[in-house]
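One structure is given below, encoded as structure tokens.
The values are calculated or read from the model by the stated rules, or taken from the named source; none is laboratory data. Predicted, not measured: the structure shown is a model, and the values here were computed from it. FYI the Cβ positions are ideal-geometry reconstructions off the backbone, even for glycines, and counts take in every protein chain you see. Side chains included, ligands, DNA and RNA excluded: accessible areas come from the protein's heavy atoms. Shrake-Rupley method; radii C 1.70, N 1.55, O 1.52, S 1.80 Å.
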There are 2 protein chains.
Amino acid sequence: MQKKYVIIGGVAGGATTAARLRRIDENAEIIMLEKGEHISYANCGLPYYIGGVIKDRDNLLVQTPESFGGRFNIDVRIFSEVTDIDADSQAITIRDHKTGKEYTENYDKLVLSPGAQPVKPPIQGIDSKNIFTLRNVDDTDRIKAFVDDEKPKSAVVVGAGFIGLEMAENLHQRGINVTVVEAAPQVMNMMDPEMAAILHQHFKEQEVGLYLQDAVKAFRPNGDGLSLMLSSGEILNADFVVLSIGVKPDSHLAQKAGLELGNRGGIVVDEFLQTSKENIYAVGDAIEFPHPLTGESSLAFLAGPANKQGRILADNLVYGHKRKYQGSIGTAIAKVFEMTAATTGLSDKALAQAGVPHQSTIVNGGSHAGYYPGSTNMVLKITFNPEDGKLLGGQVVGYDGVDKRVDMLAAIIKANGDIYDLQEIEHAYAPPFSSAKDPVNQAGYNAENIIKGLFRPLSPYKFHEWNHSDSCLLDVRTPDEHSLNAIEGSINIEVDKLREHLDEIPRDKNLYIFCGVGLRGYVATRILKQHGFEKVYNLSGGLKVYQTAIA
Amino acid sequence: MQKKYVIIGGVAGGATTAARLRRIDENAEIIMLEKGEHISYANCGLPYYIGGVIKDRDNLLVQTPESFGGRFNIDVRIFSEVTDIDADSQAITIRDHKTGKEYTENYDKLVLSPGAQPVKPPIQGIDSKNIFTLRNVDDTDRIKAFVDDEKPKSAVVVGAGFIGLEMAENLHQRGINVTVVEAAPQVMNMMDPEMAAILHQHFKEQEVGLYLQDAVKAFRPNGDGLSLMLSSGEILNADFVVLSIGVKPDSHLAQKAGLELGNRGGIVVDEFLQTSKENIYAVGDAIEFPHPLTGESSLAFLAGPANKQGRILADNLVYGHKRKYQGSIGTAIAKVFEMTAATTGLSDKALAQAGVPHQSTIVNGGSHAGYYPGSTNMVLKITFNPEDGKLLGGQVVGYDGVDKRVDMLAAIIKANGDIYDLQEIEHAYAPPFSSAKDPVNQAGYNAENIIKGLFRPLSPYKFHEWNHSDSCLLDVRTPDEHSLNAIEGSINIEVDKLREHLDEIPRDKNLYIFCGVGLRGYVATRILKQHGFEKVYNLSGGLKVYQTAIA
Ligand SMILES: Cc1cc2nc3c(=O)[nH]c(=O)nc-3n(C[C@H](O)[C@H](O)[C@H](O)COP(=O)(O)OP(=O)(O)OC[C@H]3O[C@@H](n4cnc5c(N)ncnc54)[C@H](O)[C@@H]3O)c2cc1C
Ligand SMILES: Cc1cc2nc3c(=O)[nH]c(=O)nc-3n(C[C@H](O)[C@H](O)[C@H](O)COP(=O)(O)OP(=O)(O)OC[C@H]3O[C@@H](n4cnc5c(N)ncnc54)[C@H](O)[C@@H]3O)c2cc1C
Ligand SMILES: CC(C)(COP(=O)(O)OP(=O)(O)OC[C@H]1O[C@@H](n2cnc3c(N)ncnc32)[C@H](O)[C@@H]1OP(=O)(O)O)[C@@H](O)C(=O)NCCC(=O)NCCS
Ligand SMILES: CC(C)(COP(=O)(O)OP(=O)(O)OC[C@H]1O[C@@H](n2cnc3c(N)ncnc32)[C@H](O)[C@@H]1OP(=O)(O)O)[C@@H](O)C(=O)NCCC(=O)NCCS
């Protein structure tokens, strides 16, 4: 019997579901409804088109309604918004925005992939002109036209998540004076503060203004532009504003239809991606699903998961409920000016909030062998269960090869692996690509050393709270390095001479050991511990991370 | 009780064992014996130093005997060759090459990490001057001095494995006219022929001579240079020759000591890295160990495994036999001029030889999203068990991002994963780094489609054997593409119009479908199969791979 599939939303989740459906069910009737003009567009490319990095607008449109309809024999209807779902009679109401007419369509199986909507909090003046949000091609055209035509000189980006930072970079790239305002004390809230701090420093290097822990209280029109009143009292003037405070699941249609929503506002689906009503399914940004690491209901606004869900769902629709969706571990990445920041799994912060026991460590590594030209430094942090070593999260900030490391970490987390699996990864090594021990291997070694009690790491923030009366700061770098940037009150004995100077080190105090990146500190720790020193701690990530974190 | 550890060989495996030993056993006596002048050098960097890419020779020396001895309190003895092992009395004989004296040293635990030696087959004239091999710093100095001082114009590199290709690139980089001679029908014998063929084409682009399936029969001095007589009858003249036909485990000392050798000439070790004699252990290039995928005894000449083994062994020496070595899956990578070639696990060829059931598929992918500038194409081949989908091998050739993909594949193979794990990898996606579906995800999808019978892939070589009488070649590209480079005898119906032209396609013949890279061919296959066409095959990797493979 010919099935009739109706899909709401024609981009990442929707179009992927439709394409796979057709490939495995040539005979079905498939209708794809999209309220906007465009389907299958590259949302993720939009900031780069505004920035002029992607030059040709057509490149953003992966498929047109015609090409997609043609290849997959799908009834693609644009400007067609679904305004109502009657689950009992298995029918939906569609408004055709071109004709203004409404009509109904019934379905055997209904798929929702409506995506998300930018958050627009009720800040005074938020509807002023020249305040933009960015979600789709129309938004993009609006911002691009404004930048091209009005040649603005200054912009404020409100919100420093992935999209905010991409917008900041792309506007900066166009020669616009950009300032970023973020209510949290750091950019990239999914990362831990010492990792985000590296990006803060990079903002300075790029001479891009950054206001942290400061929220916009009001927008005021000001000539052709705007003034932003910040909660700190600061006033910023700009020709325009891009709001990227975050997005929320577009679940209003689902709600109206009586589908269960989760406590984060997403559409609740089971592991087969079925909503609370039979024959209605949902994928993409709009769904809420248990996080694989905590079991807590969570959202993921990511294209990869949306695409993956689409394929899984199509299979379940055609072959029956067989394939389980496993949830997203939130792997995400952004180019931030010259740097790259990426994360997978959960941060210390998020795990603390979820009450999950965790431990973490920071290693510094080269993008490839240091002796081969062009190697750049990256900071890699992993978080793991302190008992069994299960890998819970990874964060990487650097220049080159950040994507590779986060992908290896993601592969291990996704496979439910642990820090010993990190040690065992047999990565490809030749000097232009890595080192004999890749930074992910080093992170695995490090974590084991912590679990086995070979050393105790100290976070840069804990280190910063040191107290002269009960602790001693021991700098194990060379005297030359020490003299360049000594921490006041620290004593200096280089690691290679440590064994000859043991009697100069107090035995009754906490020993806070540090070096450049943490490695020599670790070697020193091992020497001291085996010579009977007990309260020995090693600064995680070394001075390099510390000095950025407390800057 | 203080333990006495003696280590033979002071580079990758040896020095790493020594360093970890010291970190976990401060009190042990550790002696590291190295017959050459240098320890801890970056073997893998040697070709690049000769090429002038790495400028400073000191950069190759990760540690000196002094620095290493100082940091780790290790008794490092260079120019000290171990000439004999008496396992019963736990003593070794050492020849001091500086003094010429021999002496003995006893041990509690002995570690062998003697490495490997370049193969030098008994070819006529192989000991002529200006024929070099490359294994250590001395060899490097010799070649570098020759190139610097004699300013040779031409070189032949014999052997096209990883090191041979790196040498070819580096000599080419110095402006030397390089020719590569390889006895096998392809470069990079660990890869399958259609993957190696991409490199063959790249050789042409670089105007570097390549003689395949041709062996050197004799070397003849010729003026200041050499003539090489090839088995094809061809004669090549060159100012010098670099022999890189391969290496063999340096196991002669082990053999002399009565340690068990494997059938590949390596030192047999158990999973704790102990040799056949108690208290004698071995790591690195010299060992022979079951391959994790086949169980067959195998060798691995790789720095990563040598380093990893060193750490595992140190732990077993200090903490008892607790940590098992899991074997190497042979992940390797090389920069080959502008391209990169990498492999992990086993090729079709190797699996066929080992009698392991396997199936493979080729996908073409972008290094990152095609709509973001700078994306380059890569060809990715995976090999898997056709029943349960267990991942057995991955090969990647391309420009950018090859290392990342092979590392993801390696992580999955190492974790005993399958092609469904490839689908599930939640990689980091933003346009500069990947696509919403990464090529590794696509490979996983593809493999599933093959296992589930959604399409049958055809290797380029099988495709090439097509026979007009019983098969029909169906080009599903656009007419424009078809007219540019049609395969003679093929019919052209573009995929997007296929449904309207089904009656033009013969039902009684094998249908060999092809497109540019395989994707449209797959979509076409799905349409045809569901319209009752039965003998439908899709050209794996499309014309792109085919045309290179049969060139
Ligand atoms: C600027 C930007 C940059 C991004 N960058 C990245 C990135 O680098 N990496 C990454 O992983 N993710 C990125 N994302 C997120 C990614 O695009 C989304 O996760 C993904 O598109 C979600 O897919 P979806 O199908 O749920 O929603 P969408 O792709 O947004 O598609 C939903 C569609 O449904 C339509 N729709 C909604 N309601 C109705 C209705 N009632 N009737 C008919 N149609 C309806 C909408 O018009 C919309 O076109 C980015 C997003 C944006 C906006
Ligand atoms: C040119 C070149 C490029 C390479 N590129 C790569 C690459 O890109 N990626 C990769 O993974 N691998 C690469 N390798 C391989 C890698 O270097 C080896 O796998 C690794 O060094 C093996 O470590 P090992 O400790 O077993 O041997 P080695 O590192 O070779 O050390 C063995 C040492 O033992 C000493 N020795 C031997 N016998 C005795 C004795 N009887 N007494 C005292 N000392 C002794 C030798 O002098 C030698 O210094 C490359 C190798 C070479 C030569
Ligand atoms: C364009 C779009 C509809 C394509 O969906 P799709 O056809 O499922 O995806 P792809 O074009 O990547 O093709 C994937 C299919 O081709 C197959 N394939 C890929 N490479 C192949 C090859 N070389 N040979 C054979 N098959 C191949 C895969 O197995 C997969 O098929 P399957 O799902 O049936 O197993 C959808 O991805 C889309 O709308 N994208 C834009 C929107 C978006 O994702 N935005 C967010 C990111 S910016
Ligand atoms: C130089 C050499 C002796 C170093 O050995 P090593 O000390 O084991 O290796 P590394 O310097 O990478 O240090 C690794 C150790 O530092 C620790 N570490 C790394 N980064 C750290 C950080 N930021 N903080 C704390 N500890 C860190 C690791 O956990 C590991 O310790 P462990 O093994 O006790 O767990 C050895 O690698 C060598 O000889 N290399 C050159 C030869 C060679 O490998 N050639 C082939 C490749 S070209």
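Brief remarks on what is shown
- Solvent-accessible area per residue for the stretch A:445-551 (1.4 angstrom probe, square angstrom): 44 Å²
- Across the stretch B:422-496, C-alpha contacts under 8 Å between residues 6 or more apart give a mean separation that, scaled by the residue count, equals a relative contact order of 21 percent.
- Student exercise, chain A dipole from Lys, Arg, Asp, Glu Cβ charges, in Debye to nearest 20: 360 debye
- Simple Cβ-charge dipole of the protein assembly as shown, Lys/Arg +1 and Asp/Glu -1, about Cα centre, in debye nearest 20: 480 debye
- Interatomic Cα distance distribution for the stretch B:5-62, bins of 10 angstrom, percent: 22, 42, 25, 10, 1
- Exceedance of the 27 Å cut-off in Cα-Cα distance is limited, within the set A:Lys204/A:Lys462; A:Lys497/B:Lys322; A:Lys404/B:Lys335; A:Lys414/B:Lys437; A:Lys204/A:Lys381; A:Lys529/B:Lys308, to A:Lys497/B:Lys322.
- Number of partner chain Cβ atoms within 10 Å, mean per residue of A:340-351: 1
- If both residues of a DSSP beta bridge must be in the stretch A:165-294, then about 70% of such bridges are antiparallel.
- Span-like helix ranges in chain A, DSSP H, alpha carbon extent 27 angstrom or more, Kyte mean at least -0.5: none
- For the stretch B:25-166, alpha-carbon Rg relative to the globular expectation (2.2 N^0.38 Å, N residues): 1.26
- For B:Tyr319, the label point sits 7 Å beyond Cα toward Cβ; its separations from the matching points on the remaining copies run 4.2 nm, from shortest to longest.
- In nm, spacing of pseudo-spin labels at A:Arg264 and A:Ser469 (7 Å Cα→C-beta vector): 4.5 nm
- Residue-span extension gain [A:Arg456 to A:Gln2] - 0.36 nm each, minus C-alpha spacing: 157.1 nm
- Think of a 1.4 Å ball rolled over the protein heavy atoms: the stretch B:112-228 then has 42 Å² of accessible area per residue.
- Shape parameters for chain A, alpha-carbon atoms, Rg then Dmax in Å: 26.4, 88
- Percent of beta bridges antiparallel (DSSP, the protein assembly as shown, rounded to nearest 5): 55 percent
- Cα centroid separation, the stretch A:512-551 to the stretch B:493-539 (Å): 64 Å
- Across all directions, the average projected area of the convex hull around the alpha carbons of the stretch B:231-323 is 9.1 nm².
- Here r is the Cβ-Cβ distance between B:Asn106 and B:Glu338 and R0 is 56 Å; the resulting FRET efficiency, rounded to 0.05, is 0.55.
- Total charge dipole magnitude, the stretch B:178-248, about the Cα centre, Cβ charges on Lys, Arg, Asp, Glu only, Debye to nearest 20: 280 debye
- Other residues lying with their Cβ under 14 Å from the Cβ of B:Phe146 contribute a combined charge of -2, Lys and Arg counting +1, Asp and Glu -1.
- Where B:Lys35, B:Lys437 fall by accessible area, highest first, once all protein chains stay in place (1.4 Å): B:Lys35, B:Lys437
- Placing a pseudo-label 7 Å from each Cα along the Cα-to-Cβ vector at B:Asn416 and A:Glu488 gives an inter-label distance of 5.7 nm.
- When each of the peptides A:138-147, B:400-409, B:20-29 is scored by how many other beta carbons lie within 10 Å of its residues on average, the order from highest to lowest is B:400-409, B:20-29, A:138-147.
- Given charges at Cβ of Lys, Arg, Asp, Glu: chain B dipole, positive-most of B:Asn446, B:Leu210, B:Met408: B:Met408
- Overall, the accessible surface of chain A at a probe of 1.4 angstrom is composed of carbon and sulfur to the extent of 46 percent.
- Averaged over the residues of peptide B:399-412, the number of Cβ atoms from other protein chains lying within 10 Å of each residue's Cβ is 6.
- Residues of type aspartates and glutamates that B:Lys129 reaches as a straight line, Cα spacing below 20 Å, ignoring anything fewer than 8 places off in the same chain: B:Asp138, B:Asp139, B:Asp141, B:Asp148, B:Asp149, B:Glu150, B:Asp224, B:Asp239
- Peptides A:297-309, A:346-358 ranked from most to least packed, by the mean per-residue count of other Cβ atoms within 10 Å: A:297-309, A:346-358.
- Label-point gap, in nm, between B:Glu207 and A:Arg499 - each point 7 angstrom along Cα→Cβ: 5.8 nm
- Computed over the stretch A:379-520, relative contact order equals 17 percent, with contacts defined as Cα pairs under 8 Å that lie 6+ residues apart.
- Net charge of neighbours whose Cβ lies under 12 Å from the Cβ of B:Tyr371, counting Lys and Arg as +1 and Asp and Glu as -1: 0
- Top positive-direction residue, dipole computed over the stretch A:66-201 with Cβ charges, set A:Gln186, A:Gly70, A:Leu171: A:Leu171
- Listing of the stretch B:294-321 residues, each with accessible area lower by at least 40 Å² in the full protein assembly than in the chain alone (probe 1.4 Å): B:Asn307, B:Lys308, B:Arg311
- A versus B: buried accessible surface, summed, Å² (probe 1.4 Å, to nearest 100): 7100 Å²
- Chain B: relative contact order in percent, alpha carbon pairs under 8 Å with at least 6 residues between: 11 percent
- Per-residue average of Cβ from other chains inside 10 Å of A:432-443: 5
- Counting charges near B:Val180 (Lys, Arg +1; Asp, Glu -1) among other residues having Cβ under 11 Å from its Cβ returns a value of -3.
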